[in-house]
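The values are calculated or read from the model by the stated rules, or taken from the named source; none is laboratory data. All figures in this text were calculated on a predicted structure; none of them were measured in a lab. Positions of Cβ are backbone-derived with ideal geometry, glycine not excepted, and every protein chain shown enters the neighbour counts.
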Amino acid sequence: MKRVREREAAEKKRREKWSKRLKQNMNSNYTYASSIGQLPGGYAGSTISTTTRLGDSKVTINGGENGSMRVDVPLIVDGRDVMKELDEMRDVLLLLKRDVDMEAKYPRLKELKDEYERALEKYKTFDTLKESK
């Protein structure tokens, strides 16, 4: 048990040192390139490589318990623009384009959207019943 506690303490110290060094690099306003190598905790085979200018980055990551990631440039995966694909799916599925900020400002907009969706489902059900007769 003593060896286990010693290893845990050494790992904790290493993690704190790594975290402190990473925070220093992230807070600096300069161009850097890094290859962090193997990631701890079940990410075997994964590697992170970054090159960015932190002062004017178009990708921001806000870590923490309720963190977020903001990408202000096109997100291309395997040559496909993710947002364009999502827009096309929304159009094919006949989903309404929503403006959440306006809905918050004008609650009636959300009520109208919900009312429209209920009516649309009702008419789809009627059409299905007519076709089945």
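Quick check on my filter: what residues within region 92-108 are over 22 Å from the mean Cα position of the chain (by Cα), within 26 Å of Leu75 (Cβ to Cβ) and assigned to a helix (DSSP H, G or I)?
Result: Val92, Met102, Glu103, Ala104.
Only one of these conditions is not met by Glu111: (1) surrounded by 11 or more Cβ atoms within 10 Å (Cβ to Cβ); (2) in a loop (DSSP other than H, G, I, E, B); (3) not aromatic (Phe, Trp, Tyr). Which number is it?
(2)
Take region 69-98 and flag every residue that is at pLDDT 85 or above and over 30 Å from Glu117 (Cα atoms).
Residues satisfying the conditions are Asp72, Val73, Pro74, Leu75, Ile76, Val77, Asp78, Gly79, Arg80.
Name the one entry in Gly55, Gly45, Gly41 that is at pLDDT below 80 and in a helix (DSSP H, G or I). Before you say what the answer is, go through the steps one by one.
Values: Gly45 fails: in a helix (DSSP H, G or I); Gly41 fails: in a helix (DSSP H, G or I).
After applying the criteria, what remains is Gly55.
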